[in-house]
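Presented below is the structure to which this report refers.
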Amino acid sequence: MNTTKKTVYLCLALLVPVFLIFLFTFFARTQHTLPVYFAYDSTETERGYIITDAHRIPAYTLTDQNGDAFKSTAYDSSFKVYDFVFTRCGSICPEMTTQMIRVQEAFKHDKDVVLISLTVDPEHDSSEVLQRYAKQYNAIPGKWYFLTGEKDTIYTLGQRQFFLTAKQNEEDLTDFLHSERIVLVDKNGWIRGYYTGTNEKDVDRLITELKVLQKIERDAKRK
């Protein structure tokens, strides 16, 4: 074997492992799988187990910042991004709402994505108060809804359906306890992600994973 051939084979021997490592790294980063939280039924396929049913956020009716009835069933064909806040909150709420602005900006042209912020202080946060709050944070009408209503309804949704803290502080009735989590819900009503609403990188992950869900849906429609 001449020197030229030896050199070629040596280069190939060195480059092939590098190329394989690159492919593995690339696909590991781009093949994003999203969990289905609180799944309780699945079916086995050639590609493994597929979730067929899971905990669903139930239908509810509350009131939005315009004073209109907000029926959740009207958004069954949308991806939903939820959080729980209140307008008098001076701690984590401003940061959470600022991060929700970033989500709104990322999907402002996507008709199948809505943002929903529920107040945990509904006795104070009337539609009028929420409307001012929405304008303060440049919420796009028809894209980002701020909801108020019966306290029991909102607290039950938060605690028993989203599995988050959402309640009045028993030691200080002017204070309210709520999670800093932002929640991603798909078109099945399944919870697909929890994200720290005060952490920019975690909200980046939310944006990425919502785009993944959109792509999965588009790819499924092409088949």
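No value in this document is a laboratory result; all are computed from the given coordinates. As the structure is a computational prediction, the values presented were derived from the model and not from experiment. Positions of Cβ are backbone-derived with ideal geometry, glycine not excepted, and every protein chain shown enters the neighbour counts.
I need the phi-derived Karplus couplings for segment 112-126: 6.51 cos²θ - 1.76 cosθ + 1.60, θ = phi - 60°, integer Hz, Gly and Pro marked x.
In residue order, the calculated couplings are 9, 10, 10, 10, 9, 10, 9, 7, 9, 10, x, 5, 8, 7, 6 Hz.
Within segment 75-119, whose backbone N sits under 16 Å from a point 7 Å along Cα→Cβ of N66?
Only 75, 114-117 pass the distance filter.
With N denoting the number of residues in segment 52-222, provide Rg(C-alpha) divided by 2.2 N^0.38 Å, to two decimal places.
My calculation over the Cα atoms of segment 52-222 gives 0.98.
Give me the distance in nm between label points sitting 7 Å out from Cα along the Cα-to-Cβ direction at R56 and R88, one decimal.
3.7 nm
Describe numerically, in nm with one decimal, the distance between label points set 7 Å from Cα along Cα→Cβ at R205 and at D152.
3.7 nm
Could you give the nm distance between label points at Q159 and R102, where each point is 7 Å from its Cα heading toward the beta carbon?
It works out to 3.2 nm between the two label points.
Sequence-distant or interchain residues sharing an amide H contact under 5 Å with I116, placed H: which?
Under 5 Å from the amide H of I116: V81, Y82, D83, Y145.
Sort out for me the Cα centre separation of segment 177-204 from segment 118-172, rounded to whole Å.
Spelled out, the Cα-based centre of one part sits 16 Å from the other.
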